[in-house]
1. Quick check: anything in region 214-222 out of contact with any strand residue (DSSP E or B) (no Cβ under 6 Å at 6 or more places or on another chain), among the small types (Gly, Ala, Ser) and either open to solvent by less than 20 Å² (accessible area, probe 1.4 Å) or assigned to a loop (DSSP other than H, G, I, E, B) (or both)?
2. Just a yes or no: is a residue in region 660-676 within 29 Å of residue 117 (Cα to Cα), of a type in the set (A, V, I, L, M) and assigned to a strand (DSSP E or B)?
3. Where in region 274-357 are the helices (runs of 4 or more DSSP H), entirely inside, with at least 1 residues that are within 22 Å of residue 520 (Cβ to Cβ) and modelled with pLDDT under 95?
4. Restricting attention to region 561-585, which residues are hydrophobic (A, V, I, L, M, F, W, C) and surrounded by 16 or more Cβ atoms within 10 Å (Cβ to Cβ)?
5. If you check residue 83 against the conditions, is it over 28 Å from the mean Cα position of the chain (by Cα), under 21 Å from residue 29 (Cα atoms) and basic (Lys, Arg)?
6. Is region 137-146 home to any residue that is under 30 Å from residue 318 (Cα atoms), touching a residue at least 12 places away in the same chain (Cβ under 8 Å), more than 26 Å from the chain's Cα centre (by Cα) and not in a helix (DSSP H, G or I)?
7. Say we look at region 260-281 and pick out the residues that are buried (at least 17 other Cβ atoms within 10 Å of the Cβ) and of a type outside the set (Val, Ile, Thr); which of these is nearest to residue 440 (Cα to Cα)?
8. When you scan region 340-349, do you find a residue that is within 24 Å of residue 141 (Cα to Cα), hydroxyl-bearing (Ser, Thr, Tyr) and open to solvent by less than 40 Å² (accessible area, probe 1.4 Å), even just one?
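The values are calculated or read from the model by the stated rules, or taken from the named source; none is laboratory data. Since the model is a prediction, treat every value here as computed from it, not as a measurement. Note that each Cβ is placed from the backbone with ideal geometry, even for glycine, and that neighbours are counted across all protein chains shown. Please note that ligands, DNA and RNA were not included when accessible areas were found on the heavy atoms of the full protein model with its side chains. Shrake-Rupley method; radii C 1.70, N 1.55, O 1.52, S 1.80 Å.
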Amino acid sequence: MKVIIAEKPDQGIALASIFQTKKRQGYLEILPNELFPKGAYMTWAVGHLLQLAPPERYRPEWKQWKLETLPIIPEQFRYEVEKSKAKQFQIVKELLRKPEVMEIIHAGDAGREGELIIRNIIHMSGVKKPMKRLWISSLTPKAIDEGFRRLLDEKETWPLFEEAYARACADWLVGMNASRIYSILLKQKGMNDVFSAGRVQTPTLALIVKREKEIESFKPEPFWEVVASFVMNGKQYEGKWMQQEDSRLKDQELANKIAAFCQDKQAEVKEIKMERKKFQPPLLFNLSSLQATANKLYQFSPQKTLDILQKLYQRGIVSYPRSDSQYVTRGEAEAFPEILQKLSQFAAYQSFFPLPNTSILHNKRYVNEKKVTDHYAIIPTEQVVNPETLSKEERNIYDLVVRRLLAAHYPEVIFDYTTVTTLVDGRAAFISKGKQQIQEGWRKVFFQHDEENVAALPPLAEGEQGKVEKVDVKEGKTQPPKRYTEGQLITLMKTAGKFLENEELEKVLAKTEGLGTEATRAGIITMLKNRKYIEVKKNQVYATDKAKILIEAIGDKILASPEMTAKWEQRLSEIGEGKASASLFMEQVKKLSIKIIEDATAMAKDWNFSGFDTASIQRTTSKATLGKPIGQCKYCGGTVIDKGEFYGCAHYAKTKCSFTISKVILGKKISQTNVKKLLQHGKTDLIKGFKKGDKTFNAHLVWNEQEKRITFLF
């Protein structure tokens with residue numbers, strides 16, 4: 001017999017759905033069938049069943065947050081069973097040890113993290129049996145059946161485990177040492193709070209703080225523009241006075257003189273330039289591009305988009321959500337006509353059919369085997385659904401994925417851009433710009449809302465004569481840089497090299513993930529919110545004083561540098577490809593951890609936070625309750641602990657589980673007792689005094705299992 005280990009219960013159930021099964025405690029018994037003549041056991045983890053051991057498991061003195069105990073560098077890293085998941089671990093362990101079990105099928109998510117989760121469980125069980133790897137990118141019955149028929153040799157994915165293990169240990173080392181040294185030293189400056197720092201979160205935060213400083217230091221300057229209205233043989237249009245490609249004047253008096261000079265003067269069309277531009281359909285979605293688009297259109301946070309996408313994946317209607325590729329292989333392209341034919345039956349998409357191109361099989365813009373790594377782009381599977389049957393939020397995300405695929409089957413968009421130079425009295429030059437759509441193409445399906453709204457100019461000819469009908473002087477002010485939206489932050493993390501001057505680094509980043517990976521960026525942003533480093537208001541990201549203080553303390557040292565993170569991602573990627581040594585990488589990380597402590601200690605002598613509100617940086621929870629277990633996580637089954645200003649999943653550092661409960665909801669403090677009741681029974685006692693605007697109300701907090709969120713029960 002075989003034991004199949006999935007990453008989560010719902011995935012295990014989905015994988016077993018193509019077989020006849022009997023339900024058991026913590027696993028399913030698959031009855032004998034064509035693929036498994038002797039039957040099989042389908043069991044699962046609950047996310048991470050194991051966690052990296054805390055510092056005190058190595059040395060008791062490492063429990064204390066003291067300078068003299070740093071750096072914390074274990075000789076060998078250890079994993080331990082998560083207490084709340086010990087029962088499930090025991091079930092998996094017993095199944096693996098059954099004498100009739102001759103082979104293991106590793107069915108974790110097809111990626112680095114899935115590789116780590118399942119192999120760790122097998123290793124911790126002390127079992128050494130032959131293993132195969134299930135590697136699929138969707139949970140449709142067809143994909144599951146094909147996956148079990150072409151299992152990989154476990155050696156093929158071993159380097160991915162080495163990469164994930166090195167990543168986890170390296171992040172533990174840097175995070176543990178950096179967080180402790182800065183928390184200890186900043187406490188000496190009167191800030192009694194935990195200052196979390198890490199390999200990805202800190203460079204990301206540094207970019208946000210940098211933008212915040214640019215906005216704060218920005219001084220608006222007034223400028224004036226001269227705008228004229230022309231009449232040429234009954235045709236009207238406007239133009240801006242321009243000199244050396246600049247329309248802005250810093251001298252109001254000069255602007256008024258230009259306007260006065262041009263009033264009622266003769267005008268002539270001096271030059272007409274026309275440029276035709278063609279815009280290819282957008283690439284298919286990977287996770288980052290989908291998160292950025294959903295944030296722009298619907299203001300969904302990156303984490304919300306990922307959570308919705310995960311639900312759609314588990315229902316088998318979209319492909320693997322954490323993909324970093326925007327391409328597909330021939331196999332997927334061959335299935336598109338069938339998928340599209342099914343989609344054409346739904347009212348939401350009927351107007352887009354028949355498609356201008358019935359197949360993109362030979363279109364290298366989309367079909368490129370070399371650019372498909374672990375997974376192909378995010379696409380609808382052959383298990384299509386009518387979007388009207390989905391919840392509104394699910395429909396929004398599914399619709400984006402579908403429309404992106406439809407757009408790939410449409411021709412390019414074509415615009416004509418016109419630039420007209422009008423000369424007033426043979427001296428003053430005015431520029432007019434116009435745009436005209438020549439071919440709608442893929443915009444019929446996937447309209448880009450960021451298109452500049454420029455009207456077409458009337459038909460004009462060079463040498464055409466007319467006059468100035470009216471001249472206005474318009475005053476404006478230079479604007480500060482805009483704060484990032486959450487969607488822009490995802491893009492910024494992915495393309496961090498473009499914001500740096502180091503050309504060599506740009507080459508490095510071109511080959512790597514930038515800051516974080518496709519799977520972790522949303523979690524990093526969520527964590528920055530939870531740790532009170534950023535606030536998101538009206539979809540704009542603000543850096544808090546706590547963030548500014550930490551980045552000010554770190555300065556230009558390596559911990560805040562995107563360059564360091566980019567090089568790490570490159571090396572980790574090489575480990576995953578079997579081209580680099582994990583042990584050599586870890587030696588470098590140990591040296592870096594020591595350097596971080598040395599840098600912080602040296603710089604602390606010169607820290608000056610006089611311009612910051614340091615009084616507001618105080619921990620709201622005592623050390624006695626910080627880290628205290630509260631209950632079981634509603635997302636992954638882990639342990640929810642007291643994290644200071646909120647309750648959150650203890651697995652965040654390892655799995656990026658984003659489950660949190662705020663300690664204050666609508667102005668009302670939520671007691672620990674009520675949080676325990678919510679986690680255990682799905683409902684709190686009646687809480688009085690919630691405030692929304694001018695109104696107050698009383699309600700229970702309840703856990704909505706279907707929507708995976710907390711709601712009010714009146």
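1. So far as region 214-222 goes, no, none of its residues is out of contact with any strand residue (DSSP E or B) (no Cβ under 6 Å at 6 or more places or on another chain), among the small types (Gly, Ala, Ser) and either open to solvent by less than 20 Å² (accessible area, probe 1.4 Å) or assigned to a loop (DSSP other than H, G, I, E, B) (or both).
2. Checked region 660-676: at least one residue is within 29 Å of residue 117 (Cα to Cα), of a type in the set (A, V, I, L, M) and assigned to a strand (DSSP E or B).
3. Those helices (runs of 4 or more DSSP H) span 287-298, 302-314.
4. The initial filter retains those residues of region 561-585 that are hydrophobic (A, V, I, L, M, F, W, C), namely 564, 566, 568, 572, 575, 580, 582, 584-585.
Within region 561-585, 564, 566, 568, 572, 575, 580, 582, 585 qualify.
5. No.
6. No: region 137-146 contains no residue that is under 30 Å from residue 318 (Cα atoms), touching a residue at least 12 places away in the same chain (Cβ under 8 Å), more than 26 Å from the chain's Cα centre (by Cα) and not in a helix (DSSP H, G or I).
7. 281
8. If we filter region 340-349 for residues that are within 24 Å of residue 141 (Cα to Cα), which is where we start, we get 340-346.
Next, only the ones that are hydroxyl-bearing (Ser, Thr, Tyr) stay: 344.
Then drop every residue that is not open to solvent by less than 40 Å² (accessible area, probe 1.4 Å), which leaves 344.
Yes, region 340-349 contains a residue that is within 24 Å of residue 141 (Cα to Cα), hydroxyl-bearing (Ser, Thr, Tyr) and open to solvent by less than 40 Å² (accessible area, probe 1.4 Å).
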